[in-house]
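Enquirer: Shown below is the structure under consideration.
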Amino acid sequence: MASIKHQEYTHNGHRVILDAAEIRPGKYETMIYHSSSGAEIDHITTGSRREAVDAFSQLFKAYPPDDSAPLTGRYAQLRDDLRKALESGAAAERENPEDGGTCNFDSAALYLPRWNACKVEQAAKEAGTACSTWHLFGTKHFVFCPRTAAQANARSRNAEAMTQALKAMGYDAIDYCQMD
């Protein structure tokens, strides 16, 4: 059994553990349980790593932390920088709104080693965007979606402008490119 995503926090006054794990090839289980007694609260069984990560998010939303503390330090800075990057992307798209080409999910991705995933996701949410993780050659990147209704070239320009803005702010940023 190999854990692929793990989070410990307080829910309804009790310490809980939320974990997604590969039980055996092709079988994944995501479970939330009380850390003191090990008593299960809920679980979801899936057939792929991606589904297990989605189940993790689903259980996290169903059983949220008691309170999300206000962001401070580098997480508050990330939130503010994401807001600026989102505006840079939107400006690039306004400059050239042509949206022909292949539909895609292009986004900006950041390598943030040893950052708390929940705090990064909170920063993204407060900045007004969505966040997911992407594993590239054994490293985890956080992917931030541009705010756009575009689906092809305009989305790509938006995402590339976001990536460039984040690089200029000192982040280890790359373009995440995926065709629909």
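Enquirer: Using the structure shown, select from Lys84/Lys125; Lys84/Lys119; Lys5/Lys27; Lys61/Lys167; Lys119/Lys140; Lys61/Lys84 the pairs with a Cα to Cα distance greater than 20 angstrom. Before the final figure, lay out the partial values.
Expert: Working: Lys84/Lys125 14 Å; Lys84/Lys119 18 Å; Lys5/Lys27 15 Å; Lys61/Lys167 31 Å; Lys119/Lys140 15 Å; Lys61/Lys84 27 Å.
From the list (Lys84/Lys125; Lys84/Lys119; Lys5/Lys27; Lys61/Lys167; Lys119/Lys140; Lys61/Lys84), the Cα-Cα distance tops 20 Å for Lys61/Lys167; Lys61/Lys84.
Enquirer: Using a 1.4 Å probe over the heavy atoms of the protein chains, calculate the carbon and sulfur portion of the accessible area of the chain as a whole percent.
Expert: Details: 4860 of 9720 Å².
Summing carbon and sulfur atoms, their accessible area is 50 percent of the total for the chain.
Enquirer: Here's something else I'd like to know. Is the shape of the stretch 1-98 rounded, prolate or oblate, going by the alpha carbon gyration tensor and its root eigenvalues a ≥ b ≥ c, with a/c under 1.5 for rounded and a/b larger than b/c for prolate?
Expert: On the way: a/c = 3.27, a/b = 1.62, b/c = 2.02.
Taking the square roots of the gyration eigenvalues as a ≥ b ≥ c, the stretch 1-98 is oblate.
Enquirer: Given the options Ala154, Gly73, Ala124, identify the residue whose Cα lies farthest towards the positive end of the charge dipole of the chain (+1 on Cβ of Lys, Arg; -1 on Cβ of Asp, Glu).
Expert: Of the options given, the answer is Gly73.
Enquirer: Can you work out the accessible area per residue across the stretch 89-180, with the rest of the protein chains kept in place, probe 1.4 Å, in square angstrom?
Expert: Numbers: 4680 Å² over 92 residues.
On a per-residue basis, 51 Å².
Enquirer: State whether the stretch 31-84 is rounded, prolate or oblate according to the following rule on the C-alpha gyration tensor (a ≥ b ≥ c being the square roots of its eigenvalues): a/c under 1.5 gives rounded; otherwise a/b larger than b/c gives prolate, and the remaining case gives oblate.
Expert: Details: a/c = 3.50, a/b = 1.65, b/c = 2.12.
Oblate is the answer for the stretch 31-84, as a/c is 1.5 or above yet b/c matches or exceeds a/b.
Enquirer: Using only helices, what value at 222 nm comes out for the chain when you add -39,500 (n - 2.57) per DSSP H run of length 4 or more and divide by the total residues, to the nearest 500 deg cm²/dmol? All intermediate terms of the calculation are to be shown ahead of the outcome.
Expert: Details: 4 runs with 64 residues, N = 180.
About -12000 deg cm²/dmol.
Enquirer: At 7 Å along Cα-to-Cβ for each site, give me the label-to-label distance between Asp42 and Thr72 in nm.
Expert: Those two pseudo-labels are separated by 3.0 nm.
Enquirer: Around Thr30, with a cut-off of 13 angstrom between Cβ atoms, what is the net charge of the other residues, counting Lys and Arg +1 and Asp and Glu -1? Don't skip to the answer; put the middle values down first.
Expert: Details: positive: Lys5, Lys27, Arg49, Arg50, Lys61; negative: Asp19, Glu22, Glu29, Glu40, Asp42, Glu51, Asp54.
Computed value for this residue: -2.
Enquirer: Turning to a different aspect of this structure: For the stretch 76-152, which trypsin sites (Lys or Arg not before Pro) pass both filters: DSSP loop (anything but H, G, I, E, B) and at most 10 other C-beta atoms within 10 Å?
Expert: Values: sites: Arg79, Arg83, Lys84, Arg94, Arg114, Lys119, Lys125, Lys140, Arg147; in loops: Arg114, Arg147.
Qualifying residues, ordered by number: Arg114.
Enquirer: Can I ask one more? On a 0 to 90 degree scale, rounded to 10, what angle separates helix 153-168 from the longest Cα axis of the chain?
Expert: 80
Enquirer: On alpha carbon coordinates alone, what is the Rg over Rh value for the stretch 82-180, Rh being the Kirkwood radius? Before the final figure, lay out the partial values.
Expert: Details: Rg = 12.7 Å, Rh = 13.3 Å.
For the stretch 82-180, the value is 0.96.
Enquirer: Taking 0.36 nm per residue of sequence separation and subtracting the Cα-Cα distance, how much length would be gained by fully extending the chain between Thr102 and Asp80, in nm to one decimal? Can you show the working numbers first?
Expert: Numbers: separation 22, 0.36 × 22 = 7.92 nm, distance 3.10 nm.
Computed gain between Thr102 and Asp80 is 4.8 nm.
Enquirer: I'd like the distance between the alpha-carbon centres of the stretch 89-148 and the stretch 49-80, rounded to an integer number of Å.
Expert: The two parts, judged by their Cα centres, are 15 Å apart.
Enquirer: On to the next question. Let me cross-check Leu86: its accessible surface, 1.4 Å probe, with only protein heavy atoms counted, in Å² to the nearest 10?
Expert: 10
Enquirer: So I have (1) 10, 32, 32, 20, 5, 0; (2) 10, 38, 35, 14, 3, 1, 0; (3) 9, 36, 38, 16, 1, and one of them is P(r) over Cα pairs in 10 Å bins from 0, in percent calculated from this model. Which one is it?
Expert: Checked against the structure: label (1).
Enquirer: Compare Asn116, Asn153, Asn12 in a GNM of the chain, Cα atoms joined below 10 Å, and give the one with the largest fluctuation.
Expert: Most flexible of the set in this elastic network: Asn12.
The values are calculated or read from the model by the stated rules, or taken from the named source; none is laboratory data. Computed from a prediction, not measured in an experiment: that's the story for all the values here. Methodologically, a virtual Cβ is constructed for each residue, glycine included, from the backbone with ideal geometry; neighbour enumeration extends over all protein chains shown. Note: areas computed on protein heavy atoms with side chains; ligands, DNA, RNA excluded. Shrake-Rupley method; radii C 1.70, N 1.55, O 1.52, S 1.80 Å.
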